[in-house]
Structure formats: structure tokens, C-alpha cells
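The values are calculated or read from the model by the stated rules, or taken from the named source; none is laboratory data. What you are looking at is a predicted structure, and each value in this text was computed from that prediction instead of being measured. When we count neighbours, we look across all protein chains shown, and the Cβ atoms used for this are built from the backbone with ideal geometry, even at glycine.
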Number of protein chains: 2
Amino acid sequence: MLIGELSERTGASRRLLRYYEEQGLIASRRCQNGYRDYDERFVDRVVQIRGLLDAGLPTRIIRQILPCLDQPRTIHFSDATPEMIATLERERDRMTSRIDCLSRNRDAVSEYLDAVRDNRSREAVGTEPDT
Amino acid sequence: MLIGELSERTGASRRLLRYYEEQGLIASRRCQNGYRDYDERFVDRVVQIRGLLDAGLPTRIIRQILPCLDQPRTIHFSDATPEMIATLERERDRMTSRIDCLSRNRDAVSEYLDAVRDNRSREAVGTEPDT
DNA sequence: TGGAAGCCTCACACTTATGTGAAGGTCAAT
DNA sequence: ATTGACCTTCACATAAGTGTGAGGCTTCCA
């Protein structure tokens, strides 16, 4: 599959796909004419990369954890150096606190929206003045 | 409280606090000599801002949702224009999907770590060769 | 009175993740 | 053969979040 198709199927711009390659997040073979040639598995891979980026992880961390998240769950124990494991544990914890923080704030936003909605319906029956 | 103290208590550099002010995320009174003067509530506020930033929200969104998340939960219904509510709902949904994505990936990392740990203990009793 | 420590503004610099455009090759169809 | 839709590399641009340093206040303490 050429870069245009990968782009369409993942929603990442061509530019961005070349950037991910430059960052070592994905790889491509080259056709005789120099065109990049990707295989199927990169569709999921790119989607995952974008999810992680959107979740706030920088490419250098993604590059590290990506091998562990490969589709045909082949565990590469060879990569599992103590430093690697430490990095992963640290990153897992960071992800957890990020999740907690996001959840708290999302809940706060939700509560606000609920309160506004309540206020609206009270106003609708003309019961209370607002702030 | 002067900027130095706020910096120490929040872990954000002075530079960053000035930047947040420039971005409209926090505000300060000024002393006669021009020094910034913050009150207590900004400690929590800054911590919250950093949490949201770390969670991937850009300052322009944080600026919008911050008033809704104020400590003494004063609901400012006056701010609740339809566009504002729409933005908040959109942002709440984005936060939810970010949480889901982060959770999935964190779980994948956890699974990998568990697998490595299992492999380690099997190795310890000399049962299996590795990949 | 002098120095250290804290503050101010301004400004240049860097990284990360992106967009955009130029100059040019390839390929398929007309 | 030319057009249009691909692809290539290179390079400049931008926003966000930071660092760092210059040049210059203030405040306090010895």
C-alpha cells in the first residue's frame, strides 16, 4: 500500500506519516521508483500511534513502548532490559495518573453541564432566578 | 504570595507562571513595586492546569473550561452560552475517548510487564527458554 | 553602602507535532 | 506527448510549552 492509501485509511496526513517514519515509529519498504510501500499491519499501528500521541505521550516514549504493543502479541523478551522495564513501569504509572487527572476533570465538566441543564429546566418552569 | 512561593508550592517555574498568566489561565494583583501577588487559591489552580496540560488539553481549551471548575463551586450560568456548552460537551467527549485510549494502552503495557514478570519467574526455576 | 536575592520585561532559542509549498520524478490514461 | 494524480525530498512556518539570559528594578541584611 502506498502512502496515500495509508493516509486515507488512518486519517494521518502524508506529511505526518513521513514524520512518524523519520521518528522511527513506522517503517516502509521502497518500490523501485522510490515510493514508500507499507503493509496492512501499519494501519492499526498508525491508529495506535495517534491514540498515544493524542493521549499526551511523546514520540520518544511511544517508540520505546511500541514493540511491546505489537499486534501478534509476540513478547520480545530480548528487549526487556531492566532499564526498559523501569521505563515502562514509570510510563504506566504516568498514564495512570493522567487517566485519574483526566477523569476528575471530565467529571467536573460533566457536573457543570448537569448543573447548567438543571438550571435550565428550573428556569423553564420559572422557579428560580440565576446567578 | 509572590511568584517565587507559588512556583515552589506548585512545581511550575516562575517563567511558566508568567506564561500561564499571559495565556489567561491565572491572574495576579500587583504590589506597588510591580511584583505579582497571588492568593492561596492559585496553588490548586496551577496544579489543576498542569494536570490538564499534561493530559493533553491545549491552553485555549483549558482557558474555556477553567471557570467551570472553580473551587468554591460557583456556577457561572452567565458564561453558559450555547456555544460554550457545545464546546464543553465536545471536550468532555474528547476527554472520555482519551481516557479510553489511554486505558487501553496502559493495560497493554501492564500486560506486557506481567508477561515479562511471569517469564522471569519461569526462568528462575529453569523451566522455559525465551524468545 | 554594598551585595545577595527576588522581582520585572524583553527577547531569543529550542522541541514537538504539524501544515504548506516548491521543484521535481513516475505512471496511467487520453 | 501531455495531463493529472500520484510520489519524492527539502525547507520554511507555526503553535505550544519551556529554558535562559540580559538589563534593570527593589528589598533586606550585614
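From the set of residues in the stretch B:32-61 that are near DNA strand D (Cβ under 9 Å from one of its atoms) and over 30 Å from A:Gly51 (Cβ atoms), which is farthest from the other protein chains (Cβ to nearest Cβ)? Here the answer is B:Asn33. Scan the stretch A:3-16 residue by residue and report those that are free of Cβ contacts under 8 Å to residues at least 40 places away in the same chain and within 8 Å of DNA strand D (Cβ to nearest atom). The answer is A:Ile3, A:Gly4, A:Glu5, A:Ser7, A:Arg14, A:Arg15.
Which members of the stretch A:3-47 meet the condition of being more than 10 Å from DNA strand C (Cβ to nearest atom) and among the aliphatic types (A, V, I, L, M)? Even if it seems obvious, please write down each step before you answer.
Step one: list which residues in the stretch A:3-47 are more than 10 Å from DNA strand C (Cβ to nearest atom), which gives A:3-6, A:8-10, A:21, A:24, A:26-30, A:36-47.
Listed by number, the residues that qualify are A:Ile3, A:Leu6, A:Ile26, A:Ala27, A:Val43, A:Val46, A:Val47.
Against the test of being within 16 Å of DNA strand C (Cβ to nearest atom), crowded, with 20+ Cβ neighbours inside 10 Å and either at pLDDT below 90 or in the same structural domain as B:Ser97 (by TED's automatic domain parsing) (or both), the options B:Ala80, B:Ala55 yield a single qualifying residue, B:Ala55. Report, by residue number, each residue of the stretch B:36-51 that is part of a helix (DSSP H, G or I) and either buried (at least 19 other Cβ atoms within 10 Å of the Cβ) or hydroxyl-bearing (Ser, Thr, Tyr) (or both). Listed by number, the residues that qualify are B:Phe42, B:Arg45, B:Val46, B:Gln48, B:Ile49. The conditions of being farther than 18 Å from B:Arg98 by Cα and either modelled with pLDDT under 95 or buried (at least 16 other Cβ atoms within 10 Å of the Cβ) (or both) are met by A:Leu6.
With respect to B:Thr81, determine if the residue is facing another protein chain (nearest Cβ under 7 Å), among the hydroxyl-bearing types (Ser, Thr, Tyr) and away from DNA strand D (no atom under 11 Å from the Cβ). The answer is no for B:Thr81.
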